[in-house]
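The structure appears below as structure tokens.
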Amino acid sequence: MRVVAGSFKGHRLRSPRRTTRPTLDRVREALFSMLGPLDGLSALDLYAGSGALGIEALSRGAASTVFVDSDAAAVRAIRENLERTSAEGTRVVRADALAFLRNAARHDDRWDLVFCDPPYRLAARLGEPLSRMLEPVLTPGARVVCESSYRQPLELDLPLDRERRYGDTRIAVYRRG
């Protein structure tokens, strides 16, 4: 797995040694083409795994990214990948995504771009709680990118901006009104 484009293009990224499902390079490339310029945006990478989505956002101009994963091996992999790229403007948090969002809302934290890439087996059950927890941490016009199985999609209660299918993978981009 590698960074596809931007200032970190070509850097190899390590995946944690657990049952992660890293986003394929070609899917990441298509996703970021859909998103367009990211200059100056603040990003949040939930269920971050290797951190590939958040690192790709930084590589393409995002000003900052917070990476959240509950798994210790994932957090180690994210930190190692950030070291490899010398990325700045980052914070890595080991926490449950929903608990993190609840705490972020209490502190008035806000993001312009959020990546949600939970384990496929959990995605269909997370739509309602994530919709409720994301709303207070999104800036006006913020986008939320969800990756899930096409058969059991992660669907949010936000306006759907775009949707694409890549094999069994569904990429949905939601936009806060």
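So Pro129 ticks every box in (1) over 24 Å from Ala73 (Cα atoms); (2) at pLDDT below 95 but one. Which box is left unticked?
Unmet condition: (2).
Please pick out the residue among Pro119, Pro136, Pro140, Pro159 that is farther than 16 Å from Ala57 by Cβ, touching a residue at least 40 places away in the same chain (Cβ under 8 Å) and open to solvent by 40 Å² or more (accessible area, probe 1.4 Å).
On the way: Pro136 fails: touching a residue at least 40 places away in the same chain (Cβ under 8 Å); Pro140 fails: touching a residue at least 40 places away in the same chain (Cβ under 8 Å); Pro159 fails: touching a residue at least 40 places away in the same chain (Cβ under 8 Å).
Matching residue, one of Pro119, Pro136, Pro140, Pro159: Pro119.
Starting from residues that are free of Cβ contacts under 8 Å to residues at least 60 places away in the same chain, of a type in the set (Gly, Ala, Ser) and closer than 16 Å to Gly54 by Cα, keep the ones in the stretch 83-107 and report whichever is surrounded by the most Cβ atoms within 10 Å (Cβ to Cβ).
Here the residue is Ala97.
Is it the case that the stretch 110-122 has a residue that's among the aliphatic types (A, V, I, L, M) and farther than 17 Å from Ala43 by Cβ? It would help to see each step written out before you state the result.
First, pick out the residues of the stretch 110-122 that are among the aliphatic types (A, V, I, L, M): 113-114, 122.
Within this subset, residues satisfying the condition of being farther than 17 Å from Ala43 by Cβ are 122.
Yes, because at least one residue in the stretch 110-122 is among the aliphatic types (A, V, I, L, M) and farther than 17 Å from Ala43 by Cβ.
If Arg21 passes every condition in (1) at pLDDT 95 or above; (2) open to solvent by 30 Å² or more (accessible area, probe 1.4 Å) but one, which one does it miss?
(1)
In the stretch 41-115, which helices (runs of 4 or more DSSP H) lie fully inside it and hold 1 or more residues that are of a type outside the set (S, T, N, Q) and more than 13 Å from the chain's Cα centre (by Cα)?
72-85, 97-106
The values are calculated or read from the model by the stated rules, or taken from the named source; none is laboratory data. This structure is a prediction, so every number in the text was calculated from the model and none was measured. With ideal geometry, Cβ positions are generated from the backbone for all residues, glycine too; neighbour counts draw on all protein chains shown. Side chains are part of the model used for accessible areas, which takes the heavy atoms of the whole protein and leaves out ligands, DNA and RNA. Shrake-Rupley method; radii C 1.70, N 1.55, O 1.52, S 1.80 Å.
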